[in-house]
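The values are calculated or read from the model by the stated rules, or taken from the named source; none is laboratory data. Nothing here was measured: the structure is a model prediction, and the numbers come from that model. Positions of Cβ are generated from backbone atoms using ideal geometry, with glycine treated the same way; all protein chains shown enter the neighbour counts. For the accessible areas, the whole protein counts, side chains as well, though only heavy atoms, and no ligand, DNA or RNA atoms are used. Shrake-Rupley method; radii C 1.70, N 1.55, O 1.52, S 1.80 Å.
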Amino acid sequence: MKTRYSFVDETRLREFDEVFLKAGEIIRKGGLVAFPTETVYGLGANALDKAAVKKIYVAKGRPSDNPLIVHISSLPELYGVAEDVSPLALKLIDAFLPGPLTMIFKKKPIVPRETSGGLDTVAVRFPENVVARRFIRACGVPVAAPSANTSGRPSPTSAGHVLKDLNGKIDMIIDGGSSRLGLESTIVDLSRETPTLLRPGSITVDMLKNVIGELKIDETILKKPSQDLRPLAPGMKYKHYSPLCDITIIKGDTNAAESKIKELTAEALNQGKKCGIIASDSDMGLFEGCGAAVLELGSKGQPETAAAGLFAVLRRCDDLGLDCAFIRAFPEEGVGLAVMNRLKKAAGYKIIDAE
């Protein structure tokens, strides 16, 4: 990485026009720039430049059949990359954009197959974050961007996370502080007859149904995907969000989960492992004195707070050199569905029922 710029104070963006112009020039010349969004940090390249897009896959170590999301800075830009923008899509646009929603359309020929992972569709997002929109506007082209991390690692929610994974591999980082939401965008496939949820996020199933009515949930959200799956969107097939630390999810009510976590922790410590427990703020006291590092994740009953801090706490497990960590499952409703989707992948679907 050659340059890192900080824009934590979004009200002062006009003072940094020169920097955004430089970032835009890097993108137009085929370079890579990491930038903040309200969800996670993205690793951007010119979405219409095959060679530039290939650099994303190389920098991340990302499988080439894993599609990228095309980011735009205004809604008219959608029509430059997507076909068949339906009345249903316009309802979603009116309700949620700009914001943490990605929609999949049939792609226009101008979008290279390298960007779409070889598919005839394109995933498009119009982010809420004003730093992101200012950056994309300065590029003058749509920006293809997956999360700005090494493929398979927890997604980055700060510029420091990006620096740790990609230092020396990209041209610039734009530092916009910590991501507000902390989980990647909700993805809805509108290229099918029935709109289909491919990845849950902060825009929940109920929120979507309230706008468009019928919504199918892809089976990969509900169970472990098969190895021969061809991914239709990011995060569907390959190992994602995983720390080096071994994560185990514990299902069950508070008492049963607490007992099982303490039991498994004692076993791990007896084996000489360095162990951690991830718990809500009000549950941390339950595990005092058990010999494990207790890491705080959100407030009990408020899955949006867990969503905002999930990837940071998974990275913290590695910073502490933990061999294993245990966490109680979240109810899979509302934002909890998205939290559990990421946790299951981070744990390699290692789930123990305490009851």
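Descriptive notes on the structure:
- Residue match in region 71-84 (condition: modelled with pLDDT under 95, farther than 29 Å from Ile173 by Cα and part of a loop (DSSP other than H, G, I, E, B)): yes
- Selection of first residues in region 307-320 that are over 10 Å from Pro154 (Cα atoms) and of second residues that are part of a helix (DSSP H, G or I), restricted to Cβ pairs under 6 Å at least 6 apart or on distinct chains, gives the following pairs, ordered by first then second residue: Ala307/Val335; Ala307/Val339.
- Residue that is nearest to the chain's Cα centre (by Cα) [pool: residues in region 261-303 that are acidic (Asp, Glu) and surrounded by 15 or more Cβ atoms within 10 Å (Cβ to Cβ)]: Glu296
- One residue from Ile93, Ile104, Ile110 being β-branched (Val, Ile, Thr), in a strand (DSSP E or B) and either open to solvent by less than 10 Å² (accessible area, probe 1.4 Å) or modelled with pLDDT of 95 or more (or both): Ile104
- Arg153 meets the stated requirement of being of a type in the set (D, E, K, R), on the phi < 0 side of the Ramachandran plot, touching a helix residue (DSSP H, G or I) at 6+ places or on another chain (Cβ under 9 Å) and in a loop (DSSP other than H, G, I, E, B).
- Across region 76-87, the qualifying residues are those that are over 22 Å from the mean Cα position of the chain (by Cα) and in contact (Cβ under 8 Å) with a residue 12 or more places away in the chain, and the one among them that is surrounded by the fewest Cβ atoms within 10 Å (Cβ to Cβ) is Asp84.
- Qualifying residue in region 160-171 (condition: surrounded by 21 or more Cβ atoms within 10 Å (Cβ to Cβ), modelled with pLDDT of 95 or more and of a type in the set (Gly, Ala, Ser)): no
- Filter result for the condition that a residue is over 17 Å from Pro243 (Cα atoms) and touching a residue at least 40 places away in the same chain (Cβ under 8 Å), over Ser259, Ser299: Ser259
- Total residues in region 235-260, condition open to solvent by 10 Å² or more (accessible area, probe 1.4 Å), modelled with pLDDT under 80 and in contact with a helix residue (DSSP H, G or I) (Cβ under 6 Å, 6 or more places away or on another chain): 1
- Matching residues in region 165-202 - criterion: being in a loop (DSSP other than H, G, I, E, B) and either more than 22 Å from Gly44 (Cβ to Cβ) or in contact with a His (Cβ under 6 Å, 6 or more places away or on another chain) (or both): Leu190, Ser191, Arg192, Glu193, Thr194, Pro195, Pro200
- Enumeration of residues in region 193-211 that are open to solvent by 20 Å² or more (accessible area, probe 1.4 Å), in contact with a Lys or Arg (Cβ under 8 Å, 6 or more places away or on another chain) and either under 13 Å from Pro100 (Cβ atoms) or not polar (S, T, N, Q) (or both): Val211
- For region 113-134, a residue qualifies if it is open to solvent by 10 Å² or more (accessible area, probe 1.4 Å), assigned to a loop (DSSP other than H, G, I, E, B) and closer than 19 Å to Leu198 by Cα, and the qualifying residues are Gly118, Leu119, Asp120, Phe126.
- Filter pass, Val162 being closer than 25 Å to Thr305 by Cα, of a type in the set (A, V, I, L, M) and not in a strand (DSSP E or B): yes
- The helices (runs of 4 or more DSSP H) found entirely in region 243-355 that carry 1 or more residues being touching a Pro at 6+ places or on another chain (Cβ under 9 Å) are 303-319, 335-346.
- The one condition from (1) in contact with a Phe, Trp or Tyr (Cβ under 8 Å, 6 or more places away or on another chain); (2) in a helix (DSSP H, G or I) that Asn66 does not meet is (2).
- Identity of the residue in region 41-58, open to solvent by less than 10 Å² (accessible area, probe 1.4 Å) and under 20 Å from the mean Cα position of the chain (by Cα), that ends up nearest to Asp120 (Cα to Cα): Ala47
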